[in-house]
Amino acid sequence: MTSSPPSVSEAPHPFDRLHPEIRRWIREEGWDELRAIQDQGIRAILDDKRDLVIAAATAAGKTEAAFLPLLTQAADRTRTGVALLYVSPLKALINDQYRRLAILGERLDLPVVRWHGDAPASAKRAVLRDPRGLVLITPESIEALFLRRTEEVARLFGALDAIVIDELHAFLQGARGLHLASLLRRIDRLGLTRPRRIGLSATLGDFSAAEAWVSAGATHGGSGLVMADQDQPELKLQVRGYIEPPDDDGPDDVESDGGESALSRVADHLFANLRGSNNLVFAGSRRTVEALADRLRRRSEHANVPEEFFPHHGSLSTDLRETLEQRLKAGTLPTTAVATTTLELGIDLGSVKSVAQVGAPRSLASLRQRLGRSGRRAGTPAILRIYIREKYLAADCDPLDRLRLDTVRAVAAVRLLVAKFIEPPAPEPSLPTVALHQLLSTVVQQGGSRADRLYRDLCADGPFGLLSKAEFAGMLKAAASPENGLLEQCPEGLIMLGPRGELLVNGRDFYAVFDSDEEWRLITGGRALGTIPIVNALGIGSLVGFAGRRWRVVGVDDRAKVLDVVPHPSGKLPKFDRLSAEPVHDRLAAEMFAVLSDGNIPRYLDRQASALLGEGREAFRALGLASSRFLSVESDVHLLSWRGTAVNSILAVLVTAAGLECDAHDVGVTVTGASAAEVRALLMHISKCPPLDELASFVKSLRIAKFDKFLPDALLAAYWARRNEPFMPLVSATIQDLLNSG
Amino acid sequence: MSAPAAIRPRDRGTILQALSAGVVPRVGLRHVQVGRAREVAALVRDIDRIVDGGSAVRFIIGEYGAGKTFFLNLVRLIALERRCVTIQADLAPDRRIHATGGQARHLYAEAVRNMATRTKPEGGALASIVERFITDCARDSEMRSVAVEHVIDERLSSLHEHLGGHDFATVLKTYWRASEQEDEGLKSAALRWLRAEFPTKTEARQALPVRSIIEDADIYDSIKLLAAFVRIAGYTGLVVIFDEMVNIYKLQSAQARNQNFEQILRIINDTLQGNVSGLGFLFGGTPEFLMDSRRGLYSYQALQSRLAENSFAAGGLVDMNGPVLRLQSLTPEELLVLLGNIRSIFGLGDPAANLVPDAALGAFMEHCSKRIGEAYFRTPRNTIKAFVQLLSILEQNPGTDWRSLLGGVDIARDEGGEEEPDDPDDELATLRL
């Protein structure tokens, strides 16, 4: 360990400011020096009391950048109560961090406790008895503490020094991020002072959203930012194209012998190129993950080589997932994980040689996150392969298919990746659902509450400020209606849980704000494989493809919802919940237009992909789409807006409200049963947008999130309008563009 | 009861301070008490039964501010006069009858901390009761020339029949041994054990020769042990007072409420069947705690049938023998007497020192009923509070005319102990669902 000479420096070197035990540990670990991010982190945390965002790639040492100084402070602490809280979206990440931090904790005599559903109970009991040290926890377990240990939670978390939020970028969007924001505000109110917050984030483009999220509720203005120097590794990239056989248009399934589906050819390529090293393959849906993993396993078996391709998705048992993560991390046996988004975040998987993606990217944020998983070692390039599957073009196909939009989107995404573009967070559609969830939980925590107090804690002084008082009152009234029965009120005004509210809150699946439906559990030889949705009608003798293998059901326990399965030579993929497609940002849609307009063929396209791009451009010219935005197909009209999902959805609602049937797609909307002239006339008419609140009643499904069924229509409509308000100028501009086009 | 003449100046301050804050004074209740003669008589019968080795249970039900706490304290003082020991605690979110997270133990600990005898009516009497027992045993051993330990064993032998009695007796004996050795640390450890203040068995085992502690599940059995012990120590019985039972109604989990109701059912069965002796329970709660068919006592079938009120007691007829005792509102006449009593306290019982004439009492009540509405009279708390404040002003500002002040008297709606809304004009503050 090197440290600056003691006499010359005016300020002590960051290393020398750490606790002696921590310094000893660093020496014993054999570190040569503190990394720049750690130097900066130590200074920022020890010199300043403000919140902080520490941004660096995974495995760049940002955990230490936060915890070395925080543990230094916690070691001298005399107050009772847990000193540090670490929040992570993943149990696996908690287990991983636990292994690293427990050693330091032991040296400093600070207990380090894992707190999630699968963590040992004895350590939890010990910290409840004598609350101190560091607790590593998931948002859902914080929720469970507020609900089930209402009286103890203040003793536990009422005197925190700091809260460290790992994978902060994952919490900037989505219901879960909003949920955590609310839980942290509730923790803030447990004690006299708000604990400082330290967010650990991947390196993203724009940090204003991350800084704003972290400093919510701060009394001392804003937060600091410590960022690692981004030495961008070299990127090796290939986009490969595949055309489905003419007869193949069903959903992905396990491979049938002699089948030549595009996915089988993708599997051939992956098998040939990824074997022998550690890789990640992002395949999108759970169904595609299973289909691809099954194909790769068969190829290993046919070639008589050890199996090294394994599936990873949310329905698999923890056991299977963790075994795979450990195997990747250990790096002793070559391993490739075929995953949904599950491996986008999380534990340091060691050195991954390449990342593959099946399907064109829709979100730059997640593409960048995936790419960050490879090329971590200095001097090794990051490798990304994107596999595009396009339809076989029959004579009567939709002209939109001729544009080869998936290939175009892949090229557009790569261009934006190079331009370092990342989507800014959008208003969260599930905000009303999360607000109701937190309302019920707060009623439990406060042992019954009052409407004005709830509004203050959740909205005025919490993350649900987008709801007005009137809307909040509407939410309370709907929750208390006899048919919902979530709330009731005692004579002097105290709001308490109603009969249905008690049932709901006492259920285990209440902790999470995301939906978890009833599911079959698959067991083989006493070992859990995972779960599949209950909608799959399965009985003894049914065949199932799951966890990359094929099974036959030999026992069904209908009451416990357990299926006993044994290996079997054939299988059939179960239905998983359909995920709604990730929204496409305006910028990506506009870039797609640019890709189709110019003639440059990038070198990273393989022959087939180049051909596909050429075909798309050819069709683009032939259809005159450079100037025209109307594309008539039989009795339908495609309106090509070249805008993102948000604008297209509003446009579709506008057209529907004006009386025509209409659906949004990735680069525009499709009006059914109308001529181009009719649609043009209609657009002239609606070029002045009606008020958004009136439009909301034409939205097909306002109820999209877990508890939306308990919310009043008026609230959902008003919130839909508010969340889409910022897009209205763009929508008007889009309509003008459409009308001005030839 | 009319106001007796003798009011000690020391009590005067305490009483007035409590009344002006809307809480029940701990002393001098008899100077304030009016009406409710039948209710008091019923409770006196209960206490007589306890003193005779019987048992009793009563639910004192009344609206917020109806005077439940006042009434419970009055009964407590009567019990102390009859040489009972009383223990008393208010339920709260972290203090309830059944729990698994230490909340039941907290209730018990709080109640035992408030343990009172005639000579120590303000609480904290546990140590003196144990001391008295030890001294008695020592005196007895001297008279009979047997070892003190032998006398203690002999007297406590009956405790062993009760659940947990062995450790209870061991702790009492340890206390004696500690006082022999003048080991203050050990003495206080024994008292801590009796007050259920040891959070874990390990800690108790390190301090005392016992393996168990009083835990959430043991509090009713420990109360029965206490009842047996105070009789052994020469008192007539134990009266347990749990107030603010509405906190059970407010629990946000049906399971938690039912577990508390189950424990209450056990207490009712034991006391009404006479399975316990020298023990009485008084529970104070609001009507919804009793009657609400979803979250109240009546939601628990077995309790509803036991507690259902006498169906013939309607139209002004009352039955004071059932376990539920409803505190009726004070009549205007009783309220007038009450105001007179408060006036007397100000004047230390000297009619010449009255701050206002009799006419002012009527005028005050008329003013209240005209300005605030008759509904707010039903609960005496705020009426008393306003009247005490009125008299305070007159006392401190001699020469002020009470008539000019009456225009400014305002009585707040009784919020039942809830915090005041931040902004009364806010639509959420007054939201009815």
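Bear in mind these aren't lab numbers, they're just calculated from the coordinates by the rules spelled out. All of these numbers come straight from a predicted model, not from anything done at the bench. We place every Cβ from the backbone using ideal geometry, glycine too, and count neighbours over all the protein chains shown.
Computed over neighbours whose Cβ is under 11 Å from that of A:VAL566, the net charge equals +2, Lys and Arg +1, Asp and Glu -1.
Can you give the angle from 0 to 90° between the axis of helix B:358-371 and the longest principal axis of chain B, with both taken from C-alpha atoms, to the nearest 10? Computed tilt is about 90 degrees.
What is the Å³ per residue value for the convex hull set by the Cα atoms of the stretch A:299-416? Before the final figure, lay out each step's value.
Numbers: hull volume 18.8 nm³, N = 118.
It is 159 Å³ per residue.
Using a cut-off of 25 Å between Cα atoms, the listed pairs A:LYS353/A:LYS420; B:LYS68/B:LYS120; A:LYS391/A:LYS420; A:LYS49/A:LYS469 include A:LYS391/A:LYS420; A:LYS49/A:LYS469 as exceeding that distance. With contacts taken as Cα pairs under 8 Å at a separation of at least 6 residues, the stretch A:539-660 carries a relative contact order of 19 percent. Each residue, A:ASP16 and A:VAL418, gets one label point 7 Å from its Cα in the Cβ direction; the gap between the two is 4.9 nm.
Using all pairs of distinct alpha-carbon atoms, the Kirkwood hydrodynamic radius of the stretch A:367-476 works out to 19.1 angstrom.
Considering only DSSP beta bridges with both partners in chain B, what is the antiparallel share in %, to the nearest 5? List each step's numbers first, then the result.
Working: 2 of 23 bridges.
Here the share of antiparallel DSSP bridges comes out near 10 percent.
The length gained by stretching the chain between B:ALA359 and B:GLU262 to full extension, at 0.36 nm per residue less their Cα-Cα distance, is 29.7 nm. Taken as Cα centroids, the stretch A:355-431 and the stretch B:110-138 sit 78 Å apart, rounded to the nearest whole angstrom.
Which distance in Å, rounded to a whole number, links the C-alpha centroids of the stretch A:91-152 and the stretch B:68-95? If we compute the Cα centre of each part, the gap is 42 Å.
Taking B:ASN114, B:ASN247, B:ASN310 in turn, the Gaussian network model of chain B (Cα-Cα springs below 10 Å) assigns the largest fluctuation to B:ASN310.
Full extension of the chain segment joining A:ASP39 with A:GLN326 gains 100.3 nm, where the gain is 0.36 nm per residue of separation less the Cα-Cα distance. In summary, the lysines within cross-link reach of A:LYS700, defined as a Cα separation below 16 angstrom excluding same-chain residues under 8 places away, comprise A:LYS709.
Taking 7 Å steps out from each Cα toward its Cβ at B:THR14 and A:ALA209 produces label points 6.5 nm apart. Determine which residues of the stretch A:285-306 fall in the zone a paramagnetic label at A:ARG527 would reach in this model, i.e. backbone nitrogen under 18 Å from the point 7 Å along Cα→Cβ. Residues A:294, A:297-298, A:301, A:306 qualify, since their backbone N sits under 18 Å from the label point.
Could you work out the pair-distance distribution P(r) of the protein assembly as shown from its alpha-carbon pairs, with 10 angstrom bin width and percents rounded to whole numbers? For the protein assembly as shown, the binned pair fractions read 2, 8, 13, 17, 17, 14, 11, 8, 6, 3, 1, 0, 0 percent. If both residues of a DSSP beta bridge must be in the stretch A:501-614, then about 85% of such bridges are antiparallel.
Return a whole-number percent for the relative contact order of the stretch A:431-510, with Cα pairs under 8 Å and 6 or more residues apart as the contact set. List each step's numbers first, then the result.
Values: 76 pairs, mean separation 22.8, N = 80.
Across the stretch A:431-510, relative contact order equals 29 percent.
Pull up the DSSP beta bridges for the protein assembly as shown and report the antiparallel fraction as a percent, rounded to 5. Please list the in-between numbers first.
Details: 36 of 113 bridges.
That works out to approximately 30 percent antiparallel.
Could you work out the mean count of beta carbons from other protein chains within 10 Å of each residue's beta carbon in A:442-455?
Values: counts 0, 1, 3, 2, 2, 7, 7, 1, 8, 9, 11, 6, 2, 6.
Average neighbour count from other chains, rounded to a whole number: 5.
Stokes-Einstein, applied to the Kirkwood radius of the stretch A:235-392 over Cα pairs at a viscosity of 0.692 mPa s and 37 °C, places its translational diffusion at 208 µm² s⁻¹.
Inter-chain Cβ neighbour count for B:95-106, averaged per residue, equals 1 (cutoff 10 Å, partner chain atoms only). Ignoring lysines fewer than eight residues from A:LYS575 along the same chain, the ones with Cα atoms less than 18 angstrom from its Cα are A:LYS561.
Between A:GLN736 and A:ALA626, what FRET efficiency follows from the Cβ-Cβ distance if R0 is 22 Å, with the result rounded to 0.05?
Values: r = 18 Å, r/R0 = 0.81.
Once rounded, the FRET efficiency stands at 0.80.
Over all Cα atoms in chain B, the spread is summed up by Rg and Dmax: 24.0, 78 Å. Using a cut-off of under 14 Å, list every residue of the stretch A:670-710 whose amide N is near the label point 7 Å from the Cα of B:LEU433 along the Cα-to-beta-carbon line. Residues A:710 fall inside that zone.
Shielding value for A:499-506 is 3, the average number of Cβ atoms from other chains within 10 Å of each residue's Cβ. Rg ratio for the stretch A:128-245: its Cα radius of gyration over 2.2 N^0.38 Å, N being its residue count, equals 1.40.
Distance from the C-alpha centroid of the stretch A:537-558 to that of the stretch A:171-230: 45 Å, rounded to the whole angstrom. Label sites at B:SER392 and B:GLN181, each approximated as a point 7 angstrom past Cα along Cα to Cβ, lie 5.2 nm apart. Packing around the peptides A:402-411, B:333-342, A:557-566, taken as the average count of other Cβ atoms within 10 Å per residue, puts them in this order, highest first: A:402-411, B:333-342, A:557-566.
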